[in-house]
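Reviewing the structure listed below.
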Amino acid sequence: MEKNESKILIFGGTGYVGSYMVKASLKLGHPTYVFSRPNSNKIEVLNEFQSMGAIIVKGRVDEHDKLVSVLREVDVVISTLPYPLVLDQLKIIEAMKIVGNIKRFLPSDFGVEEDRVTVLPPFEAVLEKKKKVSRATEEANIPYTFVSANCFGAYFVNYLLRPYEQNEKITVYGSGEAKSVLNYEEDVGILTIKVATDPRTCNRVVIYRPRANIISQLELISLWEKKTGRSFNKVHVPEEEIVALSQTLPHPENIPISILHSVFVKGVTTNFNLDDHEVDASALYPDLKLTTIDELLDIFLCSPPAPASAAFE
């Protein structure tokens, strides 16, 4: 194994986010392990990973001895477990404490920087669970990188513009003027593997906030109108209505509307300056070519990514 290679273990690798991490790790030449449930129905995905060179490890996170065994074989652990399983990461942390050889742990964050935002209660409950995992990681003295990847670009372009519906109406949340960060999922994968193996990011928060990917809803719609030659009827949903929905919808249906409020009404991905503990990935890799929002919309024109559920699969 070459010096710049790390053995990387990925939890949740068959999910929406995790699949990009697995492919990026393999693309960058790292021996890649994918921890998968024995009864996983993602057989085609796992076969694809295996054909690309990934090592599939069958097991459950509550199988302590199994966790310890596989953790002894790797250097870096990346978790992309979905929200319902976030606290299962505490079991992974306990196993990592025993083996003592993990050089870096990236817990399943990959959204907003939870320690820097103020959000509606349903979303706050999600972030509180993630904070619990972060604090447990710090207390265990496991080398970490906490990643704030902000918004997954293809997912939210599909959600906001709904190009597959061929509808003349587009919903705008709030005024549509708040800025958000939309990063293409393939870039998120590559950046995450880079920061996971970068000594400069050890015990730091890394935020993915490239300038070319900061955009408001209205700017996104305008850009899409120019590219498609169409004109859309923008239907605004007032902030008060969104807040009311977050209070009246049952759990977990109240979570997505709360996320939309935080990101696209309040602009929580862009409304704070980075402190000394945080670093912008763009500053770490200035020569890395990332997909701009303009280029992402070109992808949607030619070969649109299918709609997917990133957060609650």
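The values are calculated or read from the model by the stated rules, or taken from the named source; none is laboratory data. Keep in mind that this is a model prediction, so the values were computed, not measured. Cβ: placed from backbone, ideal geometry, glycine included. Neighbour counts: every protein chain shown. For accessibility, only protein heavy atoms count, side chains too; no ligands or nucleic acids. Shrake-Rupley method; radii C 1.70, N 1.55, O 1.52, S 1.80 Å.
Quick notes
- Within the full protein context, the accessible area of V112 is estimated at about 10 Å² for a probe radius of 1.4 Å.
- The range 1-99: C-alpha gyration tensor shape, a/c 1.5 cut-off, then a/b vs b/c: oblate
- The calculated FRET efficiency for the pair E241 and S303, based on their C-beta separation and a Förster distance of 25 Å, comes to about 0.10.
- Formal net charge of residues neighbouring I56 (Cβ-Cβ distance under 12 Å; K, R +1; D, E -1): +2
- Gain on full extension, evaluated as 0.36 nm per residue between I98 and E295 minus their Cα-Cα distance, stands at 66.4 nm.
- The range 23-161 shape via C-alpha gyration tensor axes, a/c threshold 1.5: oblate
- Net length available on complete extension from H251 to F232 is 3.6 nm, with 0.36 nm assigned per residue and the Cα-Cα distance removed.
- Applying 1/(1 + (r/R0)^6) with r as the Cβ-Cβ distance of I43 and E73 and R0 = 22 angstrom yields a FRET efficiency of 0.40.
- DSSP-defined beta bridges in the chain - what % are antiparallel, rounded to 5: 10
- Counting DSSP beta bridges with both ends in the range 159-313, the antiparallel % (nearest 5): 25
- Matching label, semi-axes √(5λ) of the Cα gyration tensor in Å computed from the structure shown, candidates (i) 42, 24, 17; (ii) 33, 21, 19; (iii) 27, 22, 18: (ii)
- Note on Y144: accessible area is roughly 20 Å² with a 1.4 Å probe, heavy atoms of protein only.
- On the basis of the beta-carbon distance and an R0 of 30 Å, C202 and S51 show a calculated FRET efficiency of 0.35.
- Counted residue by residue at 0.36 nm each, then reduced by the alpha carbon distance between them, the extension gain from K58 to K132 reaches 24.0 nm.
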